[in-house]
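For reference, the structure discussed in these notes is given below.
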Amino acid sequence: MTDRSPPLRAVRIEPKCPTCGKPADPKYKPFCRKRCADIDLGRWLKEGYRVETAEAPGEEDPDGPSSGGGSGASGQRG
């Protein structure tokens, strides 16, 4: 005889505002209000969020495309 347990069910967790932790409002999702959305936008604009890298500022990737000028078809319009 095998012991069969009932299948697990997914439980939906109410999303919380990443700025203050209150329940999110569908109008401002994922935030709870416009003020929290504006605070988050300000953090992005002031570069408060950063991705850690091993490169120093201004260091270029030797394997990547060069950022120098040129007449190649880079997709940029002049």
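The values are calculated or read from the model by the stated rules, or taken from the named source; none is laboratory data. Note that the structure is a prediction, hence the values are computed from the model and not measured. All Cβ positions, even for glycine, are placed from backbone atoms using ideal geometry, and neighbour counts span all protein chains on display.
Worth pointing out:
- Selection of first residues in the range 43-60 that are without any contact (Cβ under 8 Å) to a residue 60 or more places away in the chain and more than 15 Å from Thr19 (Cβ to Cβ) and of second residues that are surrounded by fewer than 10 Cβ atoms within 10 Å (Cβ to Cβ) and of a type in the set (Gly, Ala, Ser), restricted to Cβ pairs under 9 Å at least 6 apart or on distinct chains, gives the following pairs, ordered by first then second residue: Glu60/Ser67.
- Applying the criterion of being surrounded by fewer than 11 Cβ atoms within 10 Å (Cβ to Cβ) and aliphatic (A, V, I, L, M) to the residues of the range 1-27, the residue that is farthest from the chain's Cα centre (by Cα) is Met1.
- Taking the criterion of being part of a helix (DSSP H, G or I) and either at pLDDT below 85 or of a type in the set (A, V, I, L, M, F, W, C) (or both), the residues of the range 41-59 that qualify are Leu41, Trp44, Leu45.
- Out of Pro30, Pro65, sole residue that is at pLDDT below 75, part of a loop (DSSP other than H, G, I, E, B) and either under 26 Å from the mean Cα position of the chain (by Cα) or polar (S, T, N, Q) (or both): Pro65
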